[in-house]
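Beneath this line is the structure, given in structure tokens, with notes to follow.
The values are calculated or read from the model by the stated rules, or taken from the named source; none is laboratory data. These figures come from a predicted structure and were not determined experimentally. Please note: Cβ atoms are built from the backbone with ideal geometry, for glycine as well, and neighbour counts cover all protein chains shown. Side chains included, ligands, DNA and RNA excluded: accessible areas come from the protein's heavy atoms. Shrake-Rupley method; radii C 1.70, N 1.55, O 1.52, S 1.80 Å.
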Amino acid sequence: MAAVRSMNKLYGVCFHAARQTAPRLLQHRAFRVGAVHQQQPFDSSLEKPQFPGASAEFVDHLEFIQPNVISGIPVYRVMDRQGNIIDPSQDPQLSKETVLNFYQKMTLLNTMDRILYESQRQGRISFYMTNYGEEGTHIGSAAALDPSDIVFGQYREAGVLMYRGFPLDMFMAQCYANADDLGKGRQMPVHYGSKDLNFVTISSPLATQIPQAAGAAYAVKRENMNRAVICYFGEGAASEGDAHAGFNFSATLECPMIFFCRNNGYAISTPTNEQYRGDGIAARGPGYGMLSIRVDGNDVFAVYNATKEARRRAVAENQPFLIEAMTYRIGHHSTSDDSSAYRSVDEVNYWDKQDHPISRLRHYMTARNWWSEDDERSWRKQSRKTVMEAFERAEKRQKPNPELMFTDVYQEMTPGLTKQRESMWRHVQQYKEHYPLDLYDK
């Protein structure tokens, strides 16, 4: 409870201006939830601005607002880099079993990444994106959600899906586009999705998930089912127009929404100092009327606390929250990228060796005698064996039936699709030596 009280305070102090107006805004919000929004009554006798678009006072001197009026937003953390709890009141007091699960999921994701990355380099799959260095943002946030909450990912949130129980076999099936793939082989690798786990299928176009998530959150609000929607994106995606649309819709429609920004330092090859001039992404929240917070994304407990409190309040108060998780993308953007062209080896090594979310959590566990060198060796061996077994099964599995290329768009196949299907089969029969159909599911 102490941690919850402190989190409530922290959300309030991130922005001084927001804190000053919070009581009035929350009182107004409580009055109008579920009702038609109305402008304040017009009173011509008051010598103050009556404009409906803002809340302000008149001034008699000309002054432009400085861009750094909101700057130096603090970074909330629970653990230091050695895994020590800084303020005991912020310790989420998670059980040993829960913390071990955090660690094992983070390291299992890391192991899967290494194997699938090498698989692409060997030409076994066409594409891959690793999650190196960002594991804490995935697991900490996923653990704070309810299983019924809807997740909209970008393309670097595999850990969220893993924490929810997505099997290794399904990860492999998707990357190999085999007959077990839930997407039936139609998506490029790492574009996961699971209806059963409330994880909306990832799509490549940047930031399209943000307004979609706002719409889903509005639907959830209307259902009154005590659910929330969380939308993940990178700081690069926050420069897209879809981010503005999603932020504004969720705020004006008062949706139970968590915008979770992974600020990992780079939008592919573009560093943050070339992406924006303001104080990161959290500084944008007040402009949309959203409560915002910046957290240490390499501290899984800080991410957990912030997401848990944001989720609680989003559902209770029907309002969106913006979380900016500061982290670092240790790996290349994807297998199509070579990050050595735009950053130094020393820069990457710092984050990999000195400020990694996995090593920080391991320090925490070791200090409590929850984890040992023997445990580490045994788990690393076991997890690699488990991933390799799933990898081998996926590689041997047949590809999806070619007929599936023409299904799931229209209830009844259109004449155009019918002609395309017939043309495909004629082509396959004519050049059958190039199309070994025995490799495809019947």
- [ ] Check A367 against each of (1) at pLDDT 95 or above; (2) surrounded by 14 or more Cβ atoms within 10 Å (Cβ to Cβ) and name the one condition it does not meet.
- [x] (2)
- [ ] Output yes when any residue across the range 370-380 is touching a residue at least 40 places away in the same chain (Cβ under 8 Å), in a helix (DSSP H, G or I) and out of contact with any His (no Cβ under 7 Å at 6 or more places or on another chain), and no when none is.
- [x] yes
Open item on the list: So if I check each of V387, V409, which one is modelled with pLDDT under 95 and under 36 Å from the mean Cα position of the chain (by Cα)?
Closed with: V409
Task: Output for the range 174-199, where each listed residue is among the charged types (D, E, K, R) and free of Cβ contacts under 8 Å to residues at least 24 places away in the same chain - done: K195, D196
- [ ] Could you please tell me which pairs satisfy a Cβ distance under 7 Å, a separation of 6+ or placement on different chains, a first residue in the range 321-347 that is closer than 15 Å to N264 by Cα and of a type in the set (F, W, Y), and a second residue that is at pLDDT 95 or above and assigned to a loop (DSSP other than H, G, I, E, B)?
- [x] Y328/G133; Y328/N264; Y328/G265; Y342/S269
Open item on the list: For the range 58-84, give me each residue that is among the β-branched types (V, I, T) and surrounded by 11 or more Cβ atoms within 10 Å (Cβ to Cβ).
Closed with: V69, I70, I73, V75, V78
Open item on the list: What's the total number of residues in the range 175-190 that are open to solvent by less than 10 Å² (accessible area, probe 1.4 Å) and not in a loop (DSSP other than H, G, I, E, B)?
Closed with: 1
TODO: Report, ordered by the first and then the second residue, all pairs with beta carbons closer than 7 Å, sequence separation of six or more or different chains, a first member in the range 200-212 that is closer than 18 Å to F247 by Cα, and a second member that is of a type in the set (D, E, K, R) and modelled with pLDDT of 95 or more.
DONE: L206/E240; A207/E240; A207/D242; T208/D242; I210/D242; P211/D242
TODO: Looking at (1) within 19 Å of the chain's Cα centre (by Cα); (2) under 30 Å from F406 (Cβ atoms); (3) of a type outside the set (D, E), find the lone condition where A179 falls short.
DONE: (1)
TODO: Looking only at the range 305-323, count how many residues are open to solvent by 10 Å² or more (accessible area, probe 1.4 Å) and within 13 Å of V229 (Cβ to Cβ).
DONE: 3
- [ ] Determine, yes or no, whether F301 is open to solvent by 50 Å² or more (accessible area, probe 1.4 Å), assigned to a helix (DSSP H, G or I) and not basic (K, R).
- [x] no
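Suppose we filter T252, T208, T201 for residues that are over 16 Å from the mean Cα position of the chain (by Cα) and either of a type in the set (G, A, S) or surrounded by fewer than 22 Cβ atoms within 10 Å (Cβ to Cβ) (or both); which single one remains? So that I can check it myself, show each step before the final result.
Working: T208 fails: over 16 Å from the mean Cα position of the chain (by Cα); T201 fails: over 16 Å from the mean Cα position of the chain (by Cα).
Among T252, T208, T201, only T252 is over 16 Å from the mean Cα position of the chain (by Cα) and either of a type in the set (G, A, S) or surrounded by fewer than 22 Cβ atoms within 10 Å (Cβ to Cβ) (or both).
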Task: Among residues of the range 144-166, those that are outside any helix (DSSP H, G or I) and free of Cβ contacts under 8 Å to residues at least 60 places away in the same chain, counted - done: 5
TODO: With the checklist (1) of a type outside the set (V, I, T); (2) under 32 Å from the mean Cα position of the chain (by Cα); (3) outside the structural domain of L116 (by the TED database) in hand, flag the one item R362 doesn't pass.
DONE: (3)
Open item on the list: Suppose we filter the range 227-254 for residues that are closer than 22 Å to G140 by Cβ, of a type outside the set (D, E, K, R) and not in a helix (DSSP H, G or I); how many remain?
Closed with: 8
TODO: For residues that are surrounded by 22 or more Cβ atoms within 10 Å (Cβ to Cβ) and among the small types (G, A, S), tally how many sit in the range 217-229.
DONE: 2
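So if I check each of G193, G153, which one is in the same structural domain as I230 (by the TED database) and farther than 22 Å from H332 by Cβ?
So the residue among G193, G153 that is in the same structural domain as I230 (by the TED database) and farther than 22 Å from H332 by Cβ is G193.
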TODO: Please go through the range 118-174 and pick out each residue that is open to solvent by 20 Å² or more (accessible area, probe 1.4 Å) and farther than 25 Å from N305 by Cα.
DONE: E118, Q120, R121, Q122, G123, R124, S126, F127, P167, L168, D169, M170
TODO: For R384, indicate whether it is under 30 Å from K96 (Cβ atoms) and open to solvent by 90 Å² or more (accessible area, probe 1.4 Å).
DONE: yes
